[in-house]
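The values are calculated or read from the model by the stated rules, or taken from the named source; none is laboratory data. What you see is a predicted model; the values in this text were computed from it and never measured. In this analysis, Cβ positions are derived from the backbone assuming ideal geometry, glycine residues included, and neighbour counts consider all displayed protein chains.
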Amino acid sequence: MNIAEQMVQKLILRARAYDSKEQIDDYEHERDPDNGETDAVETLLTGDIDPIRTEIEDWLDSLDEEAQAELVALYWIGRGDYEGNDFPQAVREARNRRSGSTAAYLLGAPMLGDYLELGLDAVIEADVYDEA
């Protein structure tokens, strides 16, 4: 395993924070810097410039291809495409099917945090997750 369980757990938390936001393309920031309501609304919205998305993208892009394939495999397992004991096969398939940015793929996937957690639990339960 190229990625530590603790790192996957951190990604799960950040992904949940990102997943909880609402995509909005036409929101216009109010110019009043003292407006607390504007700040509260903006923390719940995401768009082209989102600090959580940027943080996740940067972290995913810093991983080697094997670690990225492992995260995609965990996502697929959590989604139900594979069983926990199929982890090595899912990693191979993720490497073979890679055609673009892993960060873009995962951040565009629904329920990323939840599916990563389900996948990680399934792989640990199947005893095929070797700690990095």
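Values as computed for the structure displayed
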read-out	value
Selection count, the range 73-94, where residues are of a type in the set (Phe, Trp, Tyr), in a helix (DSSP H, G or I) and farther than 18 Å from residue 11 by Cα	1
Long-range neighbours under 9 Å by Cβ, at least six apart or interchain, first residue under 16 Å from residue 129 (Cα atoms) and of a type in the set (Lys, Arg) within the range 90-104, second surrounded by 14 or more Cβ atoms within 10 Å (Cβ to Cβ) and at pLDDT 95 or above	92/69; 92/73
Count of the range 14-72 residues which are assigned to a helix (DSSP H, G or I) and at pLDDT below 90	14
Any chance residue 11 is surrounded by 18 or more Cβ atoms within 10 Å (Cβ to Cβ), modelled with pLDDT of 90 or more, in a helix (DSSP H, G or I) and in contact with a Ser or Thr (Cβ under 7 Å, 6 or more places away or on another chain)	no
Residues satisfying the stated conditions in the range 108-132, i.e. more than 18 Å from the chain's Cα centre (by Cα) and under 14 Å from residue 1 (Cβ atoms)	124, 126, 127, 128, 129, 130, 131, 132
Matching option when the condition is surrounded by 16 or more Cβ atoms within 10 Å (Cβ to Cβ), among the hydroxyl-bearing types (Ser, Thr, Tyr) and over 12 Å from the mean Cα position of the chain (by Cα), among 82, 105, 75	82
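Condition check ((1) touching a Pro at 6+ places or on another chain (Cβ under 8 Å); (2) surrounded by fewer than 19 Cβ atoms within 10 Å (Cβ to Cβ); (3) not in a helix (DSSP H, G or I)) across all residues:
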site: 96; (1), (2), (3): no, yes, no
site: 99; (1), (2), (3): no, yes, yes
site: 109; (1), (2), (3): no, yes, yes
site: 121; (1), (2), (3): no, yes, no
site: 129; (1), (2), (3): no, no, yes
